[in-house]
Structures are given as structure tokens and as C-alpha cells.
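Below you'll find the structure, written out as C-alpha cells, and then a few comments.
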Amino acid sequence: GGVGGGEAGRELGRRDGISAQLFKASGTALAGEVQVAEVTKDSQVQASVDMDNLGRFVIVWRSFDVVVQNGVNVTVATVRGRRFAANGSPISSEFQINTTPIASPSTTDSFQAPDIDVDPSSGNWVVIWGNTNKFYARKYDSNGVPTTPEIQLQGAAATNFPFGTGRVALESSGAFTM
């Protein structure tokens, strides 16, 4: 089986929300859509999903919230996530992955879409995201408990990726490649 995810705004005529749907290996839907994002105040986009061998899956996305700071509307970008059981029922509430929200006076700031990779056997996972030529990562165990703080990645690969191209692969040892 598998999970299909998308921005509800593109699918349902709204700009807000992230939804998912479970599918059999044949492509037949197992159930209806599941609402992923619990907070849909402003804009949620660019979802990424991965699954372990038991069918449990994690969806991560980029969320924009408009807040007023010193009388100016400022867009604060966060990376959010939510965990689900193999049957599609949520096993966590929505949570924030990046510990430092990224504030910008416009939504055109170079905020990279998040990517996730789940180790199929252990269920441990890693998320990467970026902002203006900097990439970050955070690792979690299979229960959704962070095992690292937010890590700023170093090296040429972490600073020279074209916009929107960051991808991650997690090894069973916990090492990951971007």
C-alpha cells in the first residue's frame, strides 16, 4: 500500500490545509481523504510523506502564518509534521519540527520545501528543510520523539542546492545523505 498526499487548496478549491489518502498497491483507495493539518489559518504547502514497513507514516509540510510585528505583517514559516497509523488514523497531533521559525516580510523568501525519509525497519525518521542557501535537519525516533536538536548542515551540498531540490535518505545506522 501507499499514501498519497497533497495540498487541499489545490484539490478542494481552498488554499489552506494538507490532506492524505491511503491506497492499495493496485492504486485502489482504501478510504477517503484524511485531514492532516490541524491548523489551517493561513497557508500550508509542499507536503512530503514516507512510511515504515508496518504502514505507519509521517507527513511533513511547510506552513506560513501571517503575524503582526511592530505594526507590519510578517510571514513566519515553520516546518510542521503529523504521524499516522497504518489505517490512516492520527497517532499524534500536529507538531512543529523547526525550532527557529523563519520570519520574512514577504512570502517570496527562499524557504525550501521539507523532505522526509523513514527507515522502513526501525520507523526512525529524518526531516530536512532549508532557507536562503542553508539547510537544516532534525532526527526522530519511531515514536516521534526528537533525537537531535535542529542541526544546520555544513558543506557544499548544504549550501549549493538549487531551490526546492533538497532530498534526504536515512540509513538504518542513523546516518543520512542529502
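Ranked from largest to smallest solvent-accessible area, with a 1.4 Å probe on the protein heavy atoms, Ile91, Ile59 come out as Ile91, Ile59.
The amide H of Ile18, built 1.01 Å from its N in the peptide plane, has Ala8, Val36, Ala37 as neighbours under 5 Å, considering only residues 5 or more places off or on other chains.
Straight-line cross-link reach from Lys24 at under 29 Å between alpha-carbon atoms covers these lysines, not counting any fewer than eight positions away in the same chain: Lys139.
The values are calculated or read from the model by the stated rules, or taken from the named source; none is laboratory data. As the structure is a prediction and not an experimental result, all values here were calculated from the model. Ligands, DNA and RNA are excluded from the accessible area calculation, which covers all protein heavy atoms including side chains. Shrake-Rupley method; radii C 1.70, N 1.55, O 1.52, S 1.80 Å.
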